[in-house]
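All remarks here apply to the structure that follows.
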Amino acid sequence: MARTVFLFHHPPVYPVLARLTTGVGLLNRVVSKLEAHEVFRQNARSREYMMNEARAAFPEFDPAAIIGPEGLGSVDWNSVNRLVLVWPDSNGLGWAPVEKRACALAAPGTEIVVLNGRRRQFRLADSKNLYLRRFLEKTFLADLAATTLFFIGTPFLLLIDAAKGKR
């Protein structure tokens, strides 16, 4: 019988950095603060909220069909026609290893769908620029670029205002 399996996971954003800095006092504190800041920016939804969204989005939702990443190996993939990745945030920060494993284990023809914390649904295969968005969010490059432009542009804007006689 074909069925849908729901995968819920709330992973750390920087697991490799956390492992590398364990026991290194100052670096560990910096990584912990960075993780806390990113978790705040993520605005991740709770498990209960996401289960209610899954219930609303998929009529076949069965709370017993919810698994975690550790349950991927015990699924009979030949009987699964759809795997729903339930991201608690908007772009699945920290999900890359789980997605890679799920794609490797899933039987050919299994549809892999994402339901994110912003109530959006899409096929994982159709998600263009997902890795770029995750990279930009984890590295703060977009924030750094905007801040740099602000600091470079402000003196010029002040000069233009001064030349026009504005205070």
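Just so you know, all these numbers are worked out from the coordinates, no wet-lab data involved. Given the structure is predicted, the values throughout are model-derived calculations rather than measurements. When we count neighbours, we look across all protein chains shown, and the Cβ atoms used for this are built from the backbone with ideal geometry, even at glycine.
For the reader, a short list of remarks on this structure follows.
- Whole-angstrom gap from region 52-73 to region 83-110, using each part's C-alpha centre: 13
- Region 40-132: mean projected area of Cα convex hull, nm²: 6.2
- Sequence-distant contacts, meaning Cα pairs under 8 Å at least 6 residues apart, place the relative contact order of the chain at 27 percent.
- Annotation: amide H of L85 within the under-5 Å range of L7, V113, V114, L115, sequence separation 5 or more or interchain, hydrogens built in the peptide plane.
- Counting all C-alpha pairs of region 7-88, share separated by more than 16 Å (%): 62
- Label sites at N52 and A145, each approximated as a point 7 angstrom past Cα along Cα to Cβ, lie 3.7 nm apart.
- At least 30 Å along the helix axis (C-alpha) and Kyte average at least -0.5, DSSP helices within the chain: 141-163
- Estimated FRET transfer efficiency when R0 is 41 angstrom, pair I152-W77 (beta carbons, to 0.05): 0.20
- Simple Cβ-charge dipole of the chain, Lys/Arg +1 and Asp/Glu -1, about Cα centre, in debye nearest 20: 620
- Helix-only arithmetic for the chain: the sum of -39500 (n - 2.57) across DSSP H runs with n ≥ 4, divided by the residue total, places the mean residue ellipticity at 222 nm at -15000 deg cm²/dmol.
- The base-10 log of I(q)/I(0) for the chain, evaluated at q = 0.08 Å⁻¹, reads -0.35 [Debye formula, identical scatterers on Cα atoms, solvent excluded].
- Region 92-125 residues near the modelled E60 label - backbone nitrogen below 13 Å, point 7 Å along Cα→Cβ: 110-113
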